[in-house]
Amino acid sequence: MTFYQELQLNQAGSKALIKASKSKKEKHRHIAVYLFKILLTVAFCTAFVMAFGAVFGEDNNIVGVVMLLCVLSFRYADLGIKNKDAMWAFAVIFAILAAGPRLANACGLVAECMIHIVCIMAIMILSCHNVLMFNHATLVLGYLLLYGYDVTGEAYLYRLVAIAAGAALTMAVYYRNHRKRTFKRTFKDLFKEVDFQSSRTQWQLRLALAIATALLLAGILHLPRRMWAGIAVMSVTLPFPEEIKGRVGGRIPGNIIGGLVFILIYCFVPKSLHSYIGIFGGIGVGLSATYGWQAVFNSLGAMAIAVSFLGLPGAVFYRVFHNAFGALYGMFFEKIYSRCIKA
């Protein structure tokens, strides 16, 4: 395996290669490549997000995060339709990302809930025909992040331009990497194959309903950072119900441990280094091959941002609470939904 091929492996693949090494020299080489890949990825991600913030304003750093996720994901993932039709699908998806979160924030809770259902369901139909691609983990996550980091006025106008730029970049990367692949389905087929008797469409609807109602409940209780609950619901609402318990069992303890680690870092590490907590979390995610440890390190960056306006106790409490609530609610909703369908 060449150096470039090793750089393309995910965490599990790199660790498997390290474990299969036949000599110490070979093992040390694979470890060095693995660490270099993580540092290179973190450096690229940081530069990408900072560039978006520099061009479109710091309030739109989150757009850089979302577009980065799209570019990295759709280098390999596909939409399961012809390339030309995929461009139309992306155009609609990014239009939803541009308008949906802003419209939801401008409405009352009931209208907001309906907007979430329509927008998330549309994203699911357009991008998740092949459930094994897990495209919702990129696009629905992006929707929730933009919803949670809402802006208005001039900043929103810059956000529209930023999303348009990110959409163009994502579509260019997608077309380049998938141009030689042959698909038979068209844009219209995505809607023709919506069947509420199928497990795929039921999962898509279940996810949209679960996220929207979780955000509604959090809104009724006037809880801050509601998007965390929605992201937790999305994370555990899998197309394969038998895997949900494992996700819940990894997410809740992972965020509790992440909260404790964040408290220790925040209290004992010099304040001058607090701005690097998110980068440390990103490196930790890169080193983690299991969902539970990824949850630990993912929580650090989120709490590092929230601590500025929620304080240390509030950032840790609401991060843990929302993830526990969202994970348990997602599991509970799946059971209730399945019973209703069977009935």
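The values are calculated or read from the model by the stated rules, or taken from the named source; none is laboratory data. Quantities reported herein were computed from a predicted structural model and do not represent experimental measurements. Neighbour counts are summed over all protein chains in view; Cβ atoms, including those assigned to glycine, are modelled from backbone coordinates with ideal geometry. Just the protein is used for accessible areas: all its heavy atoms, side chains included, with ligands, DNA and RNA removed. Shrake-Rupley method; radii C 1.70, N 1.55, O 1.52, S 1.80 Å.
Summary of values
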{"read-out": "Region 196-222: number of residues that are open to solvent by 70 Å² or more (accessible area, probe 1.4 Å) and either free of Cβ contacts under 8 Å to residues at least 12 places away in the same chain or under 12 Å from ILE125 (Cβ atoms) (or both)", "value": "4"}
{"read-out": "Tally of residues being polar (S, T, N, Q) and closer than 15 Å to ILE93 by Cα across region 142-175", "value": "1"}
{"read-out": "Identity of the residue in region 283-306, outside any helix (DSSP H, G or I) and small (Gly, Ala, Ser), that ends up least open to solvent (accessible area, probe 1.4 Å)", "value": "SER288"}
{"read-out": "Enumeration of residues in region 94-111 that are buried (at least 19 other Cβ atoms within 10 Å of the Cβ) and touching a residue at least 60 places away in the same chain (Cβ under 8 Å)", "value": "PHE94, LEU97, ALA98"}
{"read-out": "Matching entry among ALA229, ALA289 (being within 30 Å of ILE341 (Cα to Cα) and either polar (S, T, N, Q) or touching a residue at least 40 places away in the same chain (Cβ under 8 Å) (or both))", "value": "ALA229"}
{"read-out": "Residues satisfying the stated conditions in region 327-343, i.e. among the basic types (Lys, Arg) and modelled with pLDDT under 90", "value": "ARG339, LYS342"}
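This table checks each residue for (1) out of contact with any Cys (no Cβ under 7 Å at 6 or more places or on another chain); (2) open to solvent by less than 20 Å² (accessible area, probe 1.4 Å); (3) assigned to a helix (DSSP H, G or I); (4) of a type outside the set (D, E, K, R).
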position: ILE125; (1), (2), (3), (4): yes, no, yes, yes
position: LEU132; (1), (2), (3), (4): yes, no, yes, yes
position: LEU139; (1), (2), (3), (4): yes, yes, yes, yes
position: TYR143; (1), (2), (3), (4): no, yes, yes, yes
position: ASP150; (1), (2), (3), (4): yes, no, no, no
position: ARG159; (1), (2), (3), (4): yes, yes, yes, no
position: ALA167; (1), (2), (3), (4): yes, yes, yes, yes
position: ALA172; (1), (2), (3), (4): yes, no, yes, yes
